[in-house]
Protein chains: 2
Amino acid sequence: MSLRWALIALLTGRPMTGYDISKSFSTSVAHVWHAPDSQIYPELNRMEREGLLTSVEVPWGKKGTKKEYHVTDEGLAAFRAWMESPLVPQRQRDPAYLKAAYFDFADPAAVREQLRQQRSYWEEHLAMLERTRASLVDRSHPTLAARIEKLNQREAELAVRYKIYAYDGLIARARTELAWIDDGFTLVDELDGC
Amino acid sequence: MSLRWALIALLTGRPMTGYDISKSFSTSVAHVWHAPDSQIYPELNRMEREGLLTSVEVPWGKKGTKKEYHVTDEGLAAFRAWMESPLVPQRQRDPAYLKAAYFDFADPAAVREQLRQQRSYWEEHLAMLERTRASLVDRSHPTLAARIEKLNQREAELAVRYKIYAYDGLIARARTELAWIDDGFTLVDELDGC
DNA sequence: GCCAACTCACTATATCGATAGCTAGTTTGT
DNA sequence: ACAAACTAGCTATCGATATAGTGAGTTGGC
């Protein structure tokens, strides 16, 4: 259900086609809400039917056309309403913690291998988050740049600072995961040694 | 797909009925993997059909019977195989971060209200995690107690330590969320003041 | 003796989400 | 002239989840 709000969030920056969205999704909103294009296209259609978006047929090449989606006033109002509505707390559902709780069923070597994999995943993820954060700070991030173009200085400041704030949260979370993984190595060594 | 591994994990502790499971789920595995009973019952049936579990009809009262599920050797082998298989990294999908990135669309008062709600949710969640961790340390946690009964001292030590490790991770995560929320308050005050 | 609360085991329905594949036009390189 | 890669917009299918209900037996309190 949050997918539609992620889509409106993106489209408030600038009008886009479904294809544009599925591309820029991976470099921006996907860090907080991932979705494949097979979900994006039908959802855009639904949102248009419900009046949250309108679409404009834009020529593409000689014969082709593409559909550019714009947020309607109604869509913006619905987005603001969602923004101010209470958040439903997320249930925990993380296989990594489930596995960790039952590491005694696995071979210590297999546990170390798992931890190595997780560490490299989170290290990469953290590096990517930090690169993106830097591109927000210097305002070179394409999606953000398009968004703040039409805003005044104060509005732009707000938009940028809150995006950085979101990334700071994601970065803190990644660091916490990495620290936990390192504790895992220490624990395996201790329990395997005795 | 992890649901079945969560169920086997629980059932390795002691045989249980679907009802037992749905009850003890909320006080143990649910912290890492939540599921409602409407998912648990069909999944237990499927797992029995696939040979991962067997069930024994146990009398209940005068007329009633209940179905107690036991993990088969095949089920245990499948569980170990999963434990040692690589972990598929989870996609980020968290409405809290999505909202935070677009707080500039909401009223500062509404943002503060959101943050208050999230803080009280995480505070409660953290307190619950710490209570559970304490009950693991002193081995009073019922599910854990049932599990370690049939284990030798060394095996019990492993089981307990890894469960504590999992909770330490969850607790660290909760603390990170709380710190992030507090940063949110500071940021709103700063941006609203100017 | 009876009602409430609890135990037990589901079903029904709908939506969400992931993977895979399809069709057709466009641009670019050789 | 033709192929490869890219842009565009889907569909089909399957499994995972969530919400809500059904119905029957049991236990405990007054």
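The values are calculated or read from the model by the stated rules, or taken from the named source; none is laboratory data. Note that the structure is a prediction, hence the values are computed from the model and not measured. Using ideal geometry, Cβ is built from the backbone for each residue, glycine included, and neighbour counts are taken over all protein chains shown. The area values use the complete protein model at the heavy-atom level, side chains included, leaving out ligands, DNA and RNA. Shrake-Rupley method; radii C 1.70, N 1.55, O 1.52, S 1.80 Å.
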Given the residues A:127, A:96, which is the only one that is of a type outside the set (Lys, Arg), facing chain B (nearest Cβ under 8 Å) and farther than 20 Å from residue B:95 by Cβ? A:96
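Table: residues versus (1) more than 9 Å from DNA strand D (Cβ to nearest atom); (2) open to solvent by 20 Å² or more (accessible area, probe 1.4 Å).
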site: A:17; (1), (2): no, no
site: A:37; (1), (2): no, yes
site: A:46; (1), (2): yes, yes
site: A:50; (1), (2): yes, yes
site: A:60; (1), (2): no, yes
site: A:90; (1), (2): no, yes
site: A:94; (1), (2): yes, yes
site: A:98; (1), (2): yes, no
site: A:114; (1), (2): yes, no
Would you confirm whether or not region B:101-108 contains a residue that is free of Cβ contacts under 8 Å to residues at least 60 places away in the same chain and surrounded by fewer than 17 Cβ atoms within 10 Å (Cβ to Cβ)? yes
Just to be sure before I move on: is residue B:48 out of contact with any Cys (no Cβ under 9 Å at 6 or more places or on another chain), farther than 24 Å from residue B:90 by Cβ and acidic (Asp, Glu) in the structure I sent? yes
Being surrounded by 16 or more Cβ atoms within 10 Å (Cβ to Cβ) and touching a Pro at 6+ places or on another chain (Cβ under 7 Å) is the filter here, so list the residues in region A:69-86 that pass it. A:69
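Can you name the residue in region A:171-191 that is among the small types (Gly, Ala, Ser) and either out of contact with any Leu (no Cβ under 6 Å at 6 or more places or on another chain) or surrounded by fewer than 17 Cβ atoms within 10 Å (Cβ to Cβ) (or both) and, of all such residues, is farthest from the other protein chains (Cβ to nearest Cβ)?
As a first pass, look at region A:171-191 and keep what is among the small types (Gly, Ala, Ser): A:172, A:174, A:179, A:184.
Next cut, either out of contact with any Leu (no Cβ under 6 Å at 6 or more places or on another chain) or surrounded by fewer than 17 Cβ atoms within 10 Å (Cβ to Cβ) (or both) only: A:172, A:179.
Working: A:172: 5, A:179: 7 Å.
Taking the candidates together, the pick is A:179.
Scan region B:141-156 for residues that are part of a loop (DSSP other than H, G, I, E, B) and open to solvent by 70 Å² or more (accessible area, probe 1.4 Å) and jot them down.
Residues of region B:141-156 part of a loop (DSSP other than H, G, I, E, B): B:141, B:150-152.
B:150, B:152, listed by residue number.
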Looking at region B:148-170, is at least one residue under 23 Å from residue A:33 (Cα atoms), within 10 Å of chain A (Cβ to nearest Cβ) and touching a Gly at 6+ places or on another chain (Cβ under 7 Å)? no
Can you name the condition, by its number, that residue A:26 falls short on among (1) near DNA strand C (Cβ under 10 Å from one of its atoms); (2) within 14 Å of another protein chain (Cβ to nearest Cβ); (3) surrounded by fewer than 16 Cβ atoms within 10 Å (Cβ to Cβ)? (1)
Kindly provide the set of residues from region A:29-39 that are in contact (Cβ under 8 Å) with a residue 12 or more places away in the chain and either at the interface with chain B (Cβ under 9 Å from one of its Cβ atoms) or more than 10 Å from DNA strand C (Cβ to nearest atom) (or both), ordered by number. A:29, A:31, A:32, A:33, A:35
Residues of region A:108-124 being within 20 Å of the chain's Cα centre (by Cα) and within 8 Å of chain B (Cβ to nearest Cβ), which ones? A:118, A:121
Does any residue in region A:62-90 that is within 8 Å of another protein chain (Cβ to nearest Cβ) come within less than 7 Å, Cβ to Cβ, of a residue that is open to solvent by 40 Å² or more (accessible area, probe 1.4 Å) six or more places away or on a different chain, and which pairs are these? A:84/B:107; A:86/B:117; A:87/B:117; A:89/B:121
I'd like the full set of residues that are within 12 Å of DNA strand C (Cβ to nearest atom) and under 28 Å from residue A:107 (Cα atoms), limited to region B:47-80. B:47, B:48, B:53, B:69
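Assess whether residue B:75 counts as being at positive phi and not acidic (Asp, Glu).
On the way: at positive phi: no; not acidic (Asp, Glu): yes.
Here the answer is no, as residue B:75 does not meet what is asked.
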